[in-house]
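The values are calculated or read from the model by the stated rules, or taken from the named source; none is laboratory data. This one's a predicted model, so the numbers in the text were calculated from it and none came from an experiment. Glycine gets a Cβ as well: all are built from the backbone with ideal geometry, and neighbour counts include every protein chain shown.
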Amino acid sequence: MALMLALESPELDVRAITVVPGNVTAAQGLENALRMVSLVNRCDIPVAAGAQHPLFQKLITAEFWHGRNGLANVELPPSKCKVNGHFGPDLIIQMVHAAPHEITLVPVGPLTNIALAVLQDPSIVPLVKEVILMGGSISGGNVNAAAEANIYNDPEAAQIVFQAGWPLTMVGLDVGDKTLLSRKYLDQLGSTHGPVNDFIYKVAKYLVDLSARFGWPGTPMYDPLAVGVAIDATLVKAPEMHVEVETTGAFTRGETVANRHGTIERNVLHGDHYVIEGVDKVSPNAKVCVEVDADRFLQLFVSRIQGK
């Protein structure tokens with residue numbers, strides 16, 4: 001849904017797609033990406049395989065939520081497009097150097113590929129225009145009490161990306177959970193037809209029906225909303241905060257910990273105990289989306305997909 005929104009939005013020029021394992025395996029994700037770009041006749045867009053697993057842990061796939069193939073069990077026609085020969089992180093590095101200050105990275109899965117690119121070539125950081133990522137939460141998780149799924153699937157990669165030093169916007173559960181594609185919008189999508197329109201309608205119907213089983217009045221538009229923020233940043237309110245990713249906590253691994261006040265107490269050892277001697281400022285490293293104009297985004301999404 002995020003990819004189709006990006007491809008159908010004139011504000012965006014999709015330069016490349018790199019695949020990361022997350023909801024499905026890397027191989028399934030690559031096949032899905034190739035079939036989707038083929039559906040819209042965009043074989044000109046490079047589609048590159050990336051990391052095959054998270055940096056330090058085993059992959060957790062989510063066919064439970066997304067269907068056997070990760071596309072709501074919708075079977076798209078075999079792809080006419082071919083995979084690009086580059087390793088995903090290498091392609092990111094190459095494209096950033098070729099178009100300095102022009103490339104916005106919009107990762108909507110675990111951050112493994114982005115972290116690998118930064119580790120291999122830190123010089124890309126000041127050359128990236130911005131990073132707009134779907135992930136994280138400052139109000140509790142969705143895989144457990146603390147962590148959001150994309151961050152939970154590779155916390156070490158997420159910490160690298162958050163601390164890299166580039167302009168970063170976190171489009172997390174705080175706004176995704178308020179942006180629900182309800183049956184009203186589903187019916188609007190179902191009233192028009194086209195290859196993309198029909199595909200997205202089937203995916204959305206699967207997700208809306210699934211959400212209803214868990215008492216939700218619609219499906220959270222997590223990934224598409226990140227693309228929406230890339231199209232129009234006024235869709236959200238996003239105050240600046242300093243965000244760290246917990247990587248060692250027994251109950252909080254993968255949590256995005258945001259410093260809302262921008263300060264931290266300075267503790268100095270005196271004999272056998274510490275004394276608070278002042279308060280230090282911490283610099284923000286992310287814009288954290290906390291409010292969203294959900295209806296305006298959902299209308300934008302439907303209008304871009306209808307009839308396509």
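For residues in region 189-201 being surrounded by fewer than 18 Cβ atoms within 10 Å (Cβ to Cβ) and out of contact with any Leu (no Cβ under 6 Å at 6 or more places or on another chain), which is nearest to residue 71 (Cα to Cα)? Top of the filtered list is 198. Residue 274 satisfies every condition listed in (1) under 30 Å from residue 193 (Cα atoms); (2) in a strand (DSSP E or B); (3) of a type in the set (Ser, Thr, Tyr) except (1). Pairs meeting the criteria (first residue in region 242-258 and more than 12 Å from residue 286 (Cα to Cα), second residue assigned to a loop (DSSP other than H, G, I, E, B) and of a type in the set (Val, Ile, Thr), beta carbons under 9 Å, at least 6 apart or on different chains) are 246/252; 253/247; 254/143; 254/247. Which one is nearest to residue 56 (Cα to Cα) among residues in region 111-165 that are part of a loop (DSSP other than H, G, I, E, B) and of a type in the set (D, E, K, R)? Among residues in region 111-165 that are part of a loop (DSSP other than H, G, I, E, B) and of a type in the set (D, E, K, R), the one nearest to residue 56 (Cα to Cα) is 154. Of the helices (runs of 4 or more DSSP H) contained entirely in region 176-232, those carrying at least 1 residues that are without any contact (Cβ under 8 Å) to a residue 60 or more places away in the chain and at negative phi fall at 183-190, 195-213.
Every residue, every condition in (1) at pLDDT below 95; (2) more than 28 Å from residue 303 (Cβ to Cβ); (3) assigned to a helix (DSSP H, G or I), yes or no:
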site	(1), (2), (3)
4	no, no, yes
31	no, yes, yes
56	no, yes, no
79	no, no, no
84	no, yes, no
96	no, yes, yes
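Residues are listed down the side, and each one gets a yes or a no for (1) in contact with an Asp or Glu (Cβ under 8 Å, 6 or more places away or on another chain); (2) of a type in the set (Gly, Ala, Ser); (3) under 15 Å from residue 174 (Cβ atoms); (4) surrounded by fewer than 20 Cβ atoms within 10 Å (Cβ to Cβ):
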residue: 232; (1), (2), (3), (4): yes, no, no, yes
residue: 236; (1), (2), (3), (4): yes, no, yes, no
residue: 283; (1), (2), (3), (4): no, yes, no, yes
residue: 292; (1), (2), (3), (4): no, no, yes, no
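Taking the criterion of being farther than 20 Å from residue 200 by Cβ and surrounded by fewer than 16 Cβ atoms within 10 Å (Cβ to Cβ), would at least one residue in region 3-12 satisfy it? No: zero hits.
When 147, 164 are checked against the criterion of being closer than 18 Å to residue 244 by Cα, crowded, with 24+ Cβ neighbours inside 10 Å and modelled with pLDDT of 95 or more, 147 stands alone in meeting it. Scanning region 126-144 for residues that are more than 15 Å from residue 246 (Cβ to Cβ) and buried (at least 16 other Cβ atoms within 10 Å of the Cβ) turns up 127, 128, 130, 131, 132, 133, 134, 142.
Apart from one condition, residue 18 fits all of (1) under 24 Å from residue 189 (Cα atoms); (2) surrounded by 21 or more Cβ atoms within 10 Å (Cβ to Cβ); the exception is (1).
The residues in region 277-287 that are assigned to a loop (DSSP other than H, G, I, E, B) and either free of Cβ contacts under 8 Å to residues at least 12 places away in the same chain or of a type outside the set (Val, Ile, Thr) (or both) can be counted, and the count is 3. If residue 47 satisfies every condition in (1) buried (at least 17 other Cβ atoms within 10 Å of the Cβ); (2) in contact (Cβ under 8 Å) with a residue 60 or more places away in the chain but one, which is the exception? It fails just one condition, (2).
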